[in-house]
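What follows is a set of notes on a single structure, which appears directly below.
The values are calculated or read from the model by the stated rules, or taken from the named source; none is laboratory data. In this text, all values refer to a predicted model and were calculated from it rather than measured experimentally. No Cβ is skipped: glycine too gets one built from the backbone with ideal geometry, and neighbour counts run over all protein chains shown. What goes into the accessible areas is simple: the full protein's heavy atoms, side chains included, and nothing from ligands, DNA or RNA. Shrake-Rupley method; radii C 1.70, N 1.55, O 1.52, S 1.80 Å.
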Amino acid sequence: MYTLYFAPGAASLAVHWLLLELGAEHRLEKVDLAAGQQRQADYLKLNPNGVVPTLIVDGAPMYECAALLLMLAERHPDAGFAPAPGSRERQLYLQWMLHLANTLQPAFRIWWYPQDVAEGAAQDIAKSKVQAKIEAVWDRLSAHLDSSGPYVCGDAISVADFYATMLMRWSRNMPRPATEWPVLAAFAARMKARPSFRKLYEIEGLSEWA
Ligand SMILES: N[C@@H](CCC(=O)N[C@@H](CS)C(=O)NCC(=O)O)C(=O)O
């Protein structure tokens, strides 16, 4: 039994989606980000970074969305969401999981929270810089899926696809959403057609980018 501390649509979404896909028994604890619940002492004991997601695994809290996805894929090998070690697919899996986690997600963090890195008018400059970085990832991901898809690791779906879809969703109100890249739009449509996506939306109460 897992417990997921989440906020609708936030970096917890891919973890929640994966728990649903895996049919893994879990309990949800909603964190009210607007009210600052993530910075309260009892939550900081679970996640000292003051962010969601946090997942309680065998009684112990664990954080970082990408790490949680990798860990869940390992704990539920029958689902086949992580390519076999040593395979070419595994190389792609590691490359893209790390690229999404190290390059794309931090850029989004600055897009949503420019006050983390800049003040006043400099926040707009920071946002335009990371917008370019985000769009460059869409260029790369689109070219990769076009040549080596339909999924990030080729023929079989992996947790990298759930992660990429969550991040694409975050661009929906940006000047150039990921779905402006036709290959990415087709990929998103494929991922959103999964019954688990509808269930996820119902539970989290989401409607945008349905
Ligand atoms: N690197 C972290 C980032 C998580 C993160 O930035 N979460 C955001 C929501 S998408 C959050 O909790 N924001 C609240 C805040 O910063 O106060 C992860 O991947 O888990």
(request) Scan (1) more than 9 Å from the ligand (Cβ to nearest atom); (2) farther than 21 Å from TRP209 by Cβ for the single condition LEU20 breaks and write down its number. (result) (2)
(message) Pairs please, first residue from the range 35-47 and within 16 Å of TYR63 (Cα to Cα), second anywhere and at pLDDT 95 or above and open to solvent by 70 Å² or more (accessible area, probe 1.4 Å), Cβ atoms under 6 Å, 6+ apart in sequence or on different chains.
(response) ASN47/TYR63
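Filter the range 110-126 down to residues that are charged (D, E, K, R) and either surrounded by 16 or more Cβ atoms within 10 Å (Cβ to Cβ) or part of a loop (DSSP other than H, G, I, E, B) (or both), then give me how many there are. Talk me through it step by step, then tell me what you get.
First, pick out the residues of the range 110-126 that are charged (D, E, K, R): 116, 119, 124.
Cutting the leftovers down to either surrounded by 16 or more Cβ atoms within 10 Å (Cβ to Cβ) or part of a loop (DSSP other than H, G, I, E, B) (or both) gives us 119.
The total comes to 1.
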(message) I'm told PHE197 meets every condition in (1) over 16 Å from MET97 (Cβ atoms); (2) within 18 Å of the chain's Cα centre (by Cα); (3) open to solvent by 10 Å² or more (accessible area, probe 1.4 Å) except one. Can you identify the failing condition by its number?
(response) (3)
(request) For ALA73, indicate whether it is aliphatic (A, V, I, L, M) and touching a helix residue (DSSP H, G or I) at 6+ places or on another chain (Cβ under 6 Å). (result) yes
(message) Based on this model, can you work out whether GLY9 counts as outside the structural domain of THR165 (by TED's automatic domain parsing), within 10 Å of the ligand (Cβ to nearest atom) and surrounded by fewer than 14 Cβ atoms within 10 Å (Cβ to Cβ)?
(response) no
(request) Look through ALA136, ALA107, ALA122 and report the one residue that is hydrophobic (A, V, I, L, M, F, W, C) and within 13 Å of the ligand (Cβ to nearest atom). (result) ALA107
(request) Please work out if ALA188 is within 30 Å of ARG27 (Cβ to Cβ), open to solvent by less than 20 Å² (accessible area, probe 1.4 Å) and within 16 Å of the ligand (Cβ to nearest atom). (result) no
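Kindly indicate whether ALA35 is more than 14 Å from the ligand (Cβ to nearest atom) and not β-branched (Val, Ile, Thr).
Here the answer is no, as ALA35 does not meet what is asked.
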(request) Scan the range 148-170 and give yes if some residue there is in a helix (DSSP H, G or I), open to solvent by 30 Å² or more (accessible area, probe 1.4 Å), more than 20 Å from ALA67 (Cα to Cα) and in contact with a helix residue (DSSP H, G or I) (Cβ under 7 Å, 6 or more places away or on another chain), otherwise no. (result) no
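Per-residue answers, yes or no, for (1) within 11 Å of the ligand (Cβ to nearest atom); (2) assigned to a loop (DSSP other than H, G, I, E, B); (3) more than 24 Å from SER196 (Cα to Cα):
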| site | (1), (2), (3) |
| --- | --- |
| ARG27 | no, no, no |
| LYS45 | no, no, yes |
| GLY50 | yes, yes, yes |
| LEU55 | yes, no, no |
| LEU68 | yes, no, no |
| ALA82 | no, yes, no |
(message) Report every pair of residues separated by at least 6 positions or lying on different chains whose Cβ atoms are under 7 Å apart, first residue within the range 111-136 and assigned by TED's automatic domain parsing to the domain that holds ALA11, second modelled with pLDDT of 95 or more and surrounded by 12 or more Cβ atoms within 10 Å (Cβ to Cβ).
(response) none
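Table: residues versus (1) modelled with pLDDT under 95; (2) more than 12 Å from the ligand (Cβ to nearest atom); (3) part of a helix (DSSP H, G or I); (4) open to solvent by 20 Å² or more (accessible area, probe 1.4 Å).
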position	(1), (2), (3), (4)
ASP78	no, yes, yes, yes
PRO85	no, yes, no, yes
ARG90	no, yes, yes, yes
LEU98	no, yes, yes, yes
VAL130	no, yes, yes, no
SER142	no, yes, yes, no
